[in-house]
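Where a number appears in this text, it was derived from the coordinates with a stated rule and is not lab data. Note that the coordinates shown come from a computational prediction; the quantities given were computed from them, not determined experimentally. So basically every Cβ, Gly included, is an ideal-geometry build from the backbone, and we count neighbours across all protein chains shown.
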Amino acid sequence: MDARELQELKERADAVVLAHYYVDGTVQAMADCVGDSYYLAKVAAQSEKSTIVFCGVRFMGESAKILNPSRRVLLPDGRADCPMAHMAKTEDVRRLRAEIPGLAVVCYINSTAALKAESDVCVTSSNALKIVSALPNKDILFIPDDSLGHYIAARLPEKRFHYLGGHCPVHAVVLAQDVESEKLAHPAAKVLTHPECRGEVRALSDFVGSTAEIISFAEKSDSKEFILCTEPGVLYELSRRCTGKVFYPVTPVCADMKFITPEEVLACLRGEGFEVTMSAEEMDAARRPLERMLELAK
Ligand code: 13P
Ligand code: SF4
């Protein structure tokens, strides 16, 4: 299908196609907007199309639906779910709230709607530092990603962080020794790392940031070689924006993001796909922390 036919299909469906940098490049190529979690949440919240086709994992589609509930949100592949989104338990959040007076619950957007509903504010990897530093609370329960939480905690020593023990199974498998052996092979390369990576990996890095921040750093950098500690789907955008630069990925692929195929995106535009549905109560409970994120991150 050529670009004109794809455009006609989108117009007939009154749909916008959003894609995260981790989906396959063939899927990113079909999208109207490609970006990191924060950018895509903002675009979804403002979309005036009646259908949003979200090429990403379930929590991304749920966040889009919660922020823009009158739209139909379709996931191309219903299997695509982020394992980390389920790694904190609502009963543990409630227990800590009861134990620690003045606790603020900060919830990474990579979480279920039920976890968001227990939280004071959501964050993404690109706005977490700004948002947590703006909170008046000293005690912060950061869920569900301990790595991102530790990364932010190291920058805000005046606050006391609490965790419930979650991680990204894709980023957490990268070890310091994997980065060190890449550095030996490519001594001039700069190390670019997503904050979901372990502390030992972040400590070896020249830059730590969200997927969009990593891409922008690589584009502006004078360096020609980079060791990439984030999901290799970003290579598609990097190859478009960084001609002549070389990237050595050390992170495995996110199998959930890679479920999504161009055929499934086309199926969504023909009215199929997996519609994100939640009860009004579920959505109402999770909306405030997401909206607070959009306000505080401005
Ligand atoms: P970003 O905030 O960079 O989009 O990261 C999302 C994600 O799922 C990382 O694993
Ligand atoms: Fe979840 Fe990790 Fe995949 Fe991101 S890369 S969607 S955090 S499993």
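Structure summary
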read-out	value
Proximal lysines to LYS159, defined as alpha-carbon separation beneath 16 angstrom and excluding residues fewer than eight positions away on the same chain	LYS130, LYS138
Sparse-neighbourhood loop sites, trypsin sites (Lys or Arg not before Pro) in region 130-201 - DSSP loop, at most 15 other Cβ within 10 angstrom	LYS138
Residues LYS65, LYS298, sorted so that the one with the fewest Cβ neighbours within 10 Å comes first	LYS298, LYS65
Normalised per residue, the volume of the convex hull around the Cα set of the chain (Å³)	125
Cα→Cβ-extended label distance, 7 Å offset, between THR261 and ARG79, nm	1.0
Ranked list, fewest to most other Cβ atoms within 10 Å of each Cβ, for GLU91, GLU272	GLU91, GLU272
Rel. contact order, % - alpha carbon contacts under 8 angstrom, at least six apart, the chain	23
Selected from ALA104, TYR21, SER205, residue furthest toward positive end of dipole (the chain; charges at beta carbon)	ALA104
Separation between Cα centres of region 140-180 and region 14-33, rounded to whole Å	28
Exposure proxy order (Cβ contacts within 10 Å, fewest to most) of CYS254, CYS242, CYS55	CYS242, CYS254, CYS55
Lysines whose Cα lies under 28 Å from that of LYS245, excluding same-chain neighbours fewer than 8 positions away	LYS183, LYS190, LYS220, LYS224, LYS258
Per-residue ³J(HN,Hα) for region 155-172, Karplus 6.51 cos²θ - 1.76 cosθ + 1.60, θ = phi - 60°, Hz, x for Gly and Pro	8, 10, x, 6, 9, 10, 9, 10, 9, 10, x, x, 7, 8, x, 7, 6, 6
Qualifying lysines (Cα of each under 16 Å from Cα of LYS89; at least 8 residues distant if same chain)	LYS116
Efficiency of FRET between ASP14 and ARG240 - r from beta-carbon atoms, R0 30 angstrom, step 0.05	0.60
